[in-house]
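Before any comments, here is the structure.
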Amino acid sequence: MSLPAHPAPWFDPAVLQPGRAAAPGVAGRVPSRTAQLCLPSERSGCGQARAFTERVLTDWELDHCLDDALTIVSELTANALLHAVRPEVDGETASEVRLRLTRRPAHLVCAVTDQSPSVPTGPHTADPLQEHGRGLFLVEALAQHWGWTRTTSTGKTVWAMLPTERG
């Protein structure tokens, strides 16, 4: 099993950008769209992320990607909420978790950003009796590519790309 490159950007230069001409061979492709949700730093955040993903993908007519996207979003969100959210300080949660869905011409990017300095460890063999430790196996199995990008000195974005073409 291969580990994703670190850090790996999820920028697609072939995507149409406002005010820029299309790259050769890009004309007529679906333009990029982005939807973002700030998640509460509690267990309900996973359910909200799934409901948001379902609404957005239905709106974007990507129903054929829905099952894989829901699994990936669930895993990435659960990891962020489990490992990255710090306890409350003066009644306020010290961390923010954001879900971003980006539709590109040939891919759907599911990305979760948190403020934790810890980076995801590659999928590892988990004890069959452990409750945790299998999420990135699922992400790796479902995604065409996945990885993480450092966003600040203490934050990161973990992302996964799904192909959007029916097939």
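The values are calculated or read from the model by the stated rules, or taken from the named source; none is laboratory data. Because the structure is predicted, anything quoted here is derived from the model rather than measured. Ideal geometry is used to build each Cβ from the backbone, glycine not excepted, and the neighbour counts take in all protein chains shown. With ligands, DNA and RNA removed, areas are computed over all heavy atoms of the protein, side chains included. Shrake-Rupley method; radii C 1.70, N 1.55, O 1.52, S 1.80 Å.
Structure data summary
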{"quantity": "Test: residue in the stretch 20-43 that is modelled with pLDDT of 90 or more, open to solvent by less than 40 Å² (accessible area, probe 1.4 Å) and over 22 Å from P120 (Cα atoms)", "calculated": "yes"}
{"quantity": "Qualifying residues in the stretch 137-167 (those that are outside any strand (DSSP E or B) and in contact with a strand residue (DSSP E or B) (Cβ under 8 Å, 6 or more places away or on another chain)) - the one surrounded by the fewest Cβ atoms within 10 Å (Cβ to Cβ)", "calculated": "Q144"}
{"quantity": "Hits in the stretch 77-105 (condition: at pLDDT below 95 and aliphatic (A, V, I, L, M))", "calculated": "A78, A80, L81, L82, A84, V85, V89, A94, V97"}
{"quantity": "Condition check for A111: small (G, A, S), modelled with pLDDT of 90 or more and open to solvent by 50 Å² or more (accessible area, probe 1.4 Å)", "calculated": "no"}
{"quantity": "Test: residue in the stretch 116-125 that is among the aliphatic types (A, V, I, L, M) and at pLDDT 90 or above", "calculated": "no"}
